[in-house]
Amino acid sequence: MNKITHLFYFVFLICIAACSFTDEEQFVNPSIVVNNNHTAKPARTDWAFIAGQLVQSYTNNYSTTSNSTLAEKIVRLDSASMQVVLYNDLKPLNFSAPTTSEAQVFLTNYETAYNNLDVSVTMKSYLTAFLQENPNYDILLTTIERDILLTLTEKKQLRFIAMWLVDTTTPPEVDIWKKRKILAAVKGFEQSTANALFNVALVEIAKN
């Protein structure tokens, strides 16, 4: 009789422990949120995105349809850029917005200036490829990354130009502003990354 009592007591303890474990599991599991959603894209911080933020800041603060002069647009864009944190992180201490004469190089005299660009032959070949109607930017970007004739700086600049053209060009239309955008970026890079972003944003604003 004593053995039966002990056996019963042992089985009873096992049942209690099992029930307690189940209750604890039911209590803990709802508080553990497993995130299996990997489809959300991280926030963009690339140069093309930042340049787009410059245009957006200008649009938010000033009318893009107003009949303002080029000099006014430069001053307004410079002012609007102060509100773009990512852009201000890129600005060197000696940053200065382009003068009207400097901006006219890529807005008005772009044909001559583009032909006289001071870039390597390899980089110029990619810029020419960008000018084609509906280029395959995915293939071009992959090729650029693998091109051993390009410097790391040239790759960064080409990547920015390509992504900016993707963001601001609507295929299959031929964008007559492509050469201006490319020239604006390259001329800007001669001074700083911030100047390149400012220039392309100015081109986009000047289209209106």
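Key figures
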{"read-out": "Cα→Cβ-extended label distance, 7 Å offset, between residue 139 and residue 104, nm", "value": "4.1"}
{"read-out": "Note, ³J(HN,Hα) from phi for region 191-200, Karplus 6.51, -1.76, 1.60, rounded to Hz, x at Gly and Pro", "value": "9, 6, 4, 4, 5, 5, 5, 4, 4, 5"}
{"read-out": "Unsatisfied cross-links (Cα-Cα over 18 Å) in the set 91/207; 73/178; 124/179", "value": "91/207; 73/178"}
{"read-out": "Extension gain (nm, one decimal) between residue 75 and residue 46, 0.36 nm per residue minus Cα-Cα", "value": "8.0 nm"}
{"read-out": "Solvent exposure of region 37-195 as accessible area per residue, Å², 1.4 Å probe", "value": "57"}
{"read-out": "³J(HN,Hα) computed for each position of region 125-132 - Karplus, 6.51 cos²θ - 1.76 cosθ + 1.60, integer Hz, glycine/proline x", "value": "5, 6, 4, 5, 5, 4, 6, 5"}
{"read-out": "Efficiency of FRET from Cβ geometry, residue 146 and residue 85, R₀ 35 Å, rounded to 0.05", "value": "0.55"}
{"read-out": "Packing rank of 70-78, 194-202, where each peptide gets the mean count of other beta carbons within 10 Å, highest leading", "value": "194-202, 70-78"}
{"read-out": "Stokes-Einstein D (µm²/s) once Rh is taken as the Kirkwood radius of region 63-151 over alpha-carbon pairs, at 37 °C in 0.692 mPa s", "value": "200"}
{"read-out": "Computed label-point distance, nm, for sites residue 156 and residue 95 using a 7 Å Cα→Cβ extension", "value": "1.5"}
{"read-out": "Average Cα contact separation per residue, region 63-165, under 8 Å, 6 or more apart, as relative contact order %", "value": "19"}
{"read-out": "Protection-proxy order for peptides 153-162, 98-107, each taking the mean of Cβ atoms within 10 Å per residue, highest first", "value": "153-162, 98-107"}
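The values are calculated or read from the model by the stated rules, or taken from the named source; none is laboratory data. Given the structure is predicted, the values throughout are model-derived calculations rather than measurements. Here the Cβ is made from the backbone with ideal geometry for all residues, glycine too, and neighbour counts use every protein chain on show. Heavy atoms of the whole protein, side chains included, go into the accessibility calculation; ligands, DNA and RNA do not. Shrake-Rupley method; radii C 1.70, N 1.55, O 1.52, S 1.80 Å.
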